[in-house]
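Here the structure is laid out as structure tokens; the discussion comes afterwards.
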Amino acid sequence: TGQEALSRIAGASDLDTLEALRVEFLGKQGSISGLLKTLGKMSPDERKAEGPKIHGLRESVTEALTSRKEALETAALDARLASETIDLSLPAPDQPRGSVHPVSQVMDELAEVFADMGFAVATGPEIEDDWHNFTALNMPESHPARAMHDTFYFPDHNDDGREMLLRTHTSPVQIRSMIAQGAPLRVIAPGRVYRSDSDATHTPMFHQIEGLVIDKGIHLGHLKWTLETFLKAFFERDDIVLRLRPSYFPFTEPSVEVDVGYAYEGGRRVVGGSGDAPGHAWMEVLGSGMVNRRVIEAGGLDPDEWQGFAFGTGVDRLAMLKYGMDDLRAFFDGDVRWLSHYGFSA
Ligand code: PHE
């Protein structure tokens, strides 16, 4: 009966059961379809009486199927939403995380140490002209010191007719800073430099940091104090001992090379103590000196009014020393295993 059909539909517990009922009632062989076929064999009077009943039955069964289907689908969706809720309290799987490269890290540390001493950061181009890289630094053409730099040259000259090259040191930033900012001046210039050289302790690209102070009455004592303060802060040790050795750079006069004392501890170099102490030795860490008068002039300043000191050091070497690394080339291999060994990668 109709009542029975409707209650079976209302009681269908899932979509498969409901589909089976639809076929049972309305399918080609279905019971209601069967009833509809009987209409054709009826007399007009009978058909008038039975027609509306059978059609009404088909309509109400169709409606019941549709509404039960909607109800079951809504219930299924609700159940899925409930079971697929994201549990925010579950610990997430570890994602490998990148980290700052040791060279960048050390450049940041250096900038911070020098910022505390009132130094601003200056920059210059890595593609330089030979005037800024050499001539203005008191290395005119055919100066023998030029040959020591193993310079990468470009085939073409710039619009001013100057030879173009990859800067061989950060010292050209001294010239650019004086010209751009005048005096007094207190800057550091970290960056990449290039020399055609490659072995266990040299890479064709490496990093330097330059320092320049221009002011009135500047003397070697200021240089010594600055370097000592900087190295103690950078290595985070009070027992850093410096040795200043007379040297030669075309752009400084007098020139001083600076060594720090170190010893081997557990197979690695550890800075600290005098290099003359038992078990200790000296290691060169930077070049420096009082800025040559001709360099101050090239910077557009009067050397009778302004004096200064400058220094330059290899960032990669400082990083190796601070973190106990022993192969310079590893810095540029990008090997995550090496980086994480030194705590530079998650
Ligand atoms: N530019 C020198 C070098 O690359 C280092 C230096 C800088 C020396 C400033 C003295 C003063 O070796």
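Please report, in whole Å, how far the alpha carbons of the stretch 1-51 spread along each principal axis, starting with the longest.
Cα extents, longest axis first: 41, 21, 10 Å.
Compare the peptides 151-162, 85-96, 203-214, 268-279 by average per-residue count of other Cβ atoms within 10 angstrom and give them in order, highest first. Don't skip to the answer; put the middle values down first.
On the way: 151-162: 11.2, 85-96: 6.2, 203-214: 21.3, 268-279: 14.2.
Packing order, densest peptide first, comes out as 203-214, 268-279, 151-162, 85-96.
Taking the 0 to 90 degree range and rounding to the nearest ten, how far is the long axis of helix 44-83 tilted relative to the main principal axis of the chain, both from C-alpha atoms?
30 degrees
Are there trypsin sites (Lys or Arg not before Pro) in the stretch 1-86 that DSSP marks as loop and that have at most 11 other Cβ atoms within 10 Å, and which are they?
Working: sites: Arg8, Arg22, Lys28, Lys37, Lys41, Arg47, Lys48, Lys53, Arg58, Arg68, Lys69, Arg80; in loops: Lys28.
Sparse-neighbourhood loop trypsin sites (Lys or Arg not before Pro): Lys28.
Taking the convex hull of the Cα atoms, report for the stretch 8-139 its projected area averaged over all directions, in nm². Could you put the intermediate results ahead of the total?
Numbers: hull surface 89.8 nm².
For the Cα atoms of the stretch 8-139, the hull's average projected area reads 22.4 nm².
What number comes out for the charge environment of Ala200, summing +1 per Lys or Arg and -1 per Asp or Glu over other residues with Cβ under 12 Å away? Can you show the working numbers first?
Numbers: positive: Arg329; negative: Asp197, Asp199, Asp326, Asp327.
Charge balance near Ala200 sits at -3.
Please give the per residue accessible area of the chain, computed with a probe of 1.4 Å over protein heavy atoms only, in Å². Spell out each step's value before the answer.
Numbers: 19180 Å² over 346 residues.
Here the residues of the chain average 55 Å² of exposed surface.
What number, in percent, do you get for the relative contact order of the stretch 200-286 if the mean sequence gap of Cα pairs under 8 Å and at least 6 apart is divided by its residue count? Walk me through the intermediate numbers first.
Details: 111 pairs, mean separation 16.9, N = 87.
Reported as a whole number, the value is 19 percent.
What is the gain in length, in nm to one decimal, between Ser60 and Arg268 on full extension, counting 0.36 nm per residue of separation less the C-alpha to C-alpha distance? Write down the numbers at each step before the final one.
Values: separation 208, 0.36 × 208 = 74.88 nm, distance 8.97 nm.
Extending this stretch completely gives an extra 65.9 nm.
Give the residue list of GluC sites (Glu not before Pro) in the stretch 15-122 that are DSSP loop and have at most 12 other beta-carbon atoms within 10 angstrom.
Values: sites: Glu19, Glu24, Glu46, Glu50, Glu59, Glu63, Glu70, Glu73, Glu84, Glu109, Glu112; in loops: Glu84.
Here the GluC sites (Glu not before Pro) that fit, given the DSSP loop and packing criteria, are Glu84.
Quick one: divide the alpha-carbon radius of gyration of the stretch 260-342 by 2.2 N^0.38 Å and tell me what you get. Before the final figure, lay out each step's value.
On the way: Rg = 18.5 Å, N = 83, 2.2 N^0.38 = 11.8 Å.
For the stretch 260-342, the normalised Cα radius of gyration is 1.57.
Using alpha carbon centroids, what distance separates the stretch 245-282 and the stretch 139-189, in Å?
What the calculation gives is 28 Å, centre to centre.
So if R0 is 30 Å, what FRET efficiency would Glu236 and Ala281 give, r being the distance between their Cβ atoms, rounded to the nearest 0.05?
Numbers: r = 21 Å, r/R0 = 0.70.
So the FRET efficiency works out to roughly 0.90.
Restricting to Cα pairs below 8 Å that are 6+ residues apart, what does the relative contact order work out to for the chain? Please round to a whole percent.
Normalised by residue count, the contact order of the chain is 15 percent.
Show me, bin by bin at 10 Å from 0, the whole-percent P(r) of the stretch 201-256 based on Cα pairs.
16, 42, 36, 5
Counting only protein heavy atoms and a 1.4 Å probe, tell me what percentage of the chain's accessible area is made up of carbon and sulfur.
After summing per-atom areas, the C and S share lands at 53 percent.
Viscosity 0.692 mPa s, temperature 37 °C: what is the translational diffusion coefficient of the chain from Stokes-Einstein with a Kirkwood Rh over Cα pairs, rounded to a whole number of µm²/s? Could you put the intermediate results ahead of the total?
Numbers: Rh = 26.7 Å.
In µm²/s, the coefficient rounds to 123.
Quick one: in the stretch 181-325, what % of C-alpha pairs are over 22 Å apart?
On the way: 4592 of 10440 pairs.
For the stretch 181-325, the share of Cα pairs beyond 22 Å comes to 44 percent.
The values are calculated or read from the model by the stated rules, or taken from the named source; none is laboratory data. None of these values were measured; they are calculated from a predicted model. Glycine also receives a Cβ, built like all others from the backbone with ideal geometry; neighbour counts cover every protein chain displayed. The area values use the complete protein model at the heavy-atom level, side chains included, leaving out ligands, DNA and RNA. Shrake-Rupley method; radii C 1.70, N 1.55, O 1.52, S 1.80 Å.
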